[in-house]
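In what follows, a single structure is set out as structure tokens and then discussed.
The values are calculated or read from the model by the stated rules, or taken from the named source; none is laboratory data. Owing to the predicted nature of the structure, the values given are computational and were not obtained by experimental measurement. Backbone-built Cβ (ideal geometry, glycine too); neighbour counts: all protein chains shown.
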Amino acid sequence: MRLILLGPPGAGKGTQATFVAEKLKIPHISTGEILRQAIAQKTSVGIKAQAHIEAGELVPDHLIMALIRERLAKQDARVGWILDGFPRNLSQAQALEHILQILGNSYPFVVNFNVDTESLIKRMLQRGRQDDNENTIRRRLEVYQEQTSPLINFYRKRRCLININGSLSVMEVTCSLENALSLKSPT
Ligand code: AMP
């Protein structure tokens with residue numbers, strides 16, 4: 001299965017991606033996590049990405065696309081994947097379509113997490129990551145509205161969008177996600 005998790009920062013994409021990846025035995029690919037590792041290891045990508053992340057802005061597309069191309073070409077990604085935090089804008093989504101065609105991959109399902117802004121801010125402040133201070137959070141939410149939310153329509157038109165209420169508890173969200181993807185084992 002190929003799955004894209006779409007939704008604002010703090011929507012719980014990472015948490016849900018971990019559960020689903022384990023259940024389906026497919027890799028959970030988080031561009032944010034790859035970038036945080038690159039920063040910790042002080043790689044050239046990490047050094048280039050750091051200021052953008054700390055400002056709550058998107059990292060330039062060419063850096064992200066290089067990471068994604070490399071990651072999706074790996075052996076473990078042949079059986080499927082869950083993308084968490086990618087694509088983040090229309091040009092990334094278009095570039096992904098191209099990669100899928102080249103790799104001959106099936107078209108992904110796209111799960112969109114709807115969460116009200118107040119809960120998002122609360123969750124991010126609780127998480128306490130370096131880029132989770134109040135100014136950066138505000139900017140990340142703006143960037144989501146401006147650049148990422150148009151993807152909802154992009155994937156709706158492709159008829160692969162699944163909407164989930166992400167405001168509920170972690171367990172409830174997992175449950176509705178499993179139902180939507182028909183992952184429930186028969187009881
Ligand atoms: P995340 O962990 O997905 O919230 O990502 C943390 C930060 O990494 C974001 O605020 C961006 O600065 C950067 N980032 C992650 N994924 C992408 C992407 N697909 N395109 C551009 N920047 C990204």
Quick test of your reading of the structure: A66 fulfils all but one of (1) modelled with pLDDT of 95 or more; (2) closer than 27 Å to K157 by Cβ; (3) more than 8 Å from the ligand (Cβ to nearest atom). Name the failing condition by number. (2)
Go through I39, I29, I53 for me and flag whichever is touching a Phe, Trp or Tyr at 6+ places or on another chain (Cβ under 7 Å) and closer than 18 Å to L67 by Cα. I29
Qualifying positions in segment 101-112 - in contact with a strand residue (DSSP E or B) (Cβ under 8 Å, 6 or more places away or on another chain) and either among the small types (G, A, S) or in a helix (DSSP H, G or I) (or both): S106
Identify the residue in segment 73-100 that is surrounded by 16 or more Cβ atoms within 10 Å (Cβ to Cβ) and either away from the ligand (no atom under 13 Å from the Cβ) or of a type in the set (S, T, Y) (or both) and, among all such residues, is nearest to V143 (Cα to Cα). W81
Which one is surrounded by the most Cβ atoms within 10 Å (Cβ to Cβ) among residues in segment 47-63 that are within 11 Å of the ligand (Cβ to nearest atom), without any contact (Cβ under 8 Å) to a residue 60 or more places away in the chain and not hydrophobic (A, V, I, L, M, F, W, C)? Q50
